[in-house]
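Accompanying notes for the structure given below.
The values are calculated or read from the model by the stated rules, or taken from the named source; none is laboratory data. Bear in mind the structure is a predicted one, so any value in this text is a computation, not a measurement. A quick note on method: Cβ atoms are made from the backbone with ideal geometry, for glycine too, and the neighbour counts reach across all protein chains shown. Ligands, DNA and RNA are excluded from the accessible area calculation, which covers all protein heavy atoms including side chains. Shrake-Rupley method; radii C 1.70, N 1.55, O 1.52, S 1.80 Å.
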Amino acid sequence: MAHCVVPEADAILDREFPVLDKGFIRLVDYLGGDERVVQAARVSYGAGTKSYREDAGLIDYLLRHQHTSPFEQVTLTFHVKLPIFVARQWVRHRTARLNEISGRYSVMKDDFYVPAPEDVALQSDDNKQGRSADALEPAAAEKIRAALTGGQRQSYGDYTALIDQGIARELARINLPLSLYTEWYWQIDLHNLFHFLALRLDEHAQKEIRLYAEVLLDITKKVAPWCCESFERHTLGGVSFSEDEFIELKNRLNGSAESSVLKGKALERFEEKIKSGKQK
Ligand SMILES: Cc1cc2nc3c(=O)[nH]c(=O)nc-3n(C[C@H](O)[C@H](O)[C@H](O)COP(=O)(O)OP(=O)(O)OC[C@H]3O[C@@H](n4cnc5c(N)ncnc54)[C@H](O)[C@@H]3O)c2cc1C
């Protein structure tokens, strides 16, 4: 068995999936899919092809037991257009290969991200890293959007004025804001893509990068649907407990209503985790 062809993935190659107001993700290429994970895993025991059900079961077993190396045999290459502030977060994931448009070589396009009115919110009261869940009133949100757009116009105007004066592109660009869009090719294997997705689909991640992560997962489902199903079940849908939380959980299962281990904030986080089924 050699080259893996996944017709569902072939059908979306090169198609732009929009993200935010002007961004997109495009699947440029893929290497392998569910079948490759199975082939790679079976090399361990030299076993031949099994039924579809057994293959899906094997993938589920591998993912559940963090037998991760077969997932590294699948590679995906994406073309992404994203605001620089999202790129700053994205690039922290070091287990990928990327090539970005050069602002030294090319004149940057007049493309800036402006949040939709419903995404304009005040600083959150209880989350130092995030925004309030409530959007501003529409008129107030429009004012903020106008202020952001005004700053972008000013800065792009200054940029083009410097370019027109013959100033080097590598210098002319240095005052451009984080809302400017950039583009890159990003290649990553499936194991590390799942790690990226687990972190960036989480509610603690900034909404803008979360939206990119959602599209990445949708595209990846075309390439490796069984792997994604197991990832959703065991990683995204799973909840982990600290030792204290686990003792608390066992006590409650044994009928103890009063908290014996957790106090204060730790108890609140535990209750919230149990209620929402999400990490807190
Ligand atoms: C919600 C959220 C908030 C964040 N806030 C901040 C912040 O305020 N400030 C900030 O600086 N960052 C922040 N980050 C970035 C975060 O600290 C990680 O850098 C980022 O999520 C990448 O994770 P990673 O290192 O596991 O991924 P990858 O770089 O893809 O690495 C995957 C795994 O490979 C191993 N690895 C890779 N490279 C090395 C290496 N050189 N040495 C040792 N092991 C390695 C590690 O085990 C790592 O977990 C935030 C991330 C999230 C999701």
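Structure data summary
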item: Label-reachable residues, the range 223-245, where backbone N falls under 19 Å from a point 7 Å from Leu267's Cα toward its Cβ; result: 242-245
item: Note, ³J(HN,Hα) from phi for the range 103-116, Karplus 6.51, -1.76, 1.60, rounded to Hz, x at Gly and Pro; result: x, 7, 8, 10, 6, 5, 6, 7, 10, 10, 7, 10, x, 5
item: J(HN,Hα) series, the range 200-216, from Karplus relation 6.51 cos²θ - 1.76 cosθ + 1.60, nearest Hz, glycine and proline x; result: 9, 8, 5, 5, 6, 6, 5, 3, 4, 6, 4, 5, 5, 4, 4, 5, 4
item: Helical contribution to [θ] at 222 nm, DSSP H n ≥ 4, -39,500 (n - 2.57), averaged over the chain, rounded to 500; result: -13500 deg cm²/dmol
item: Cβ-Cβ FRET estimate between Leu171 and Arg233, R0 fixed at 51 Å, reported to 0.05; result: 0.50
item: Accessible area, probe 1.4 Å, largest first, for residues Thr235, Thr75; result: Thr235, Thr75
item: Estimated dipole of the range 50-172 in Debye, rounded to 20 [Cβ of Lys and Arg +1, of Asp and Glu -1, Cα centre]; result: 460
item: Amide H contacts under 5 Å for Val19, placed H, 5+ residues apart; result: Phe24, Ile25
item: Tyr61/Ser240 FRET efficiency (R0 25 Å; Cβ-Cβ; nearest 0.05); result: 0.85
item: Pairwise FRET efficiency - Gln206 versus Leu249, Cβ, R0 = 30 Å, nearest 0.05; result: 0.45
item: Cross-link pairs Lys207/Lys273; Lys143/Lys222; Lys207/Lys263 - those with Cα-Cα distance over 29 Å; result: Lys143/Lys222; Lys207/Lys263
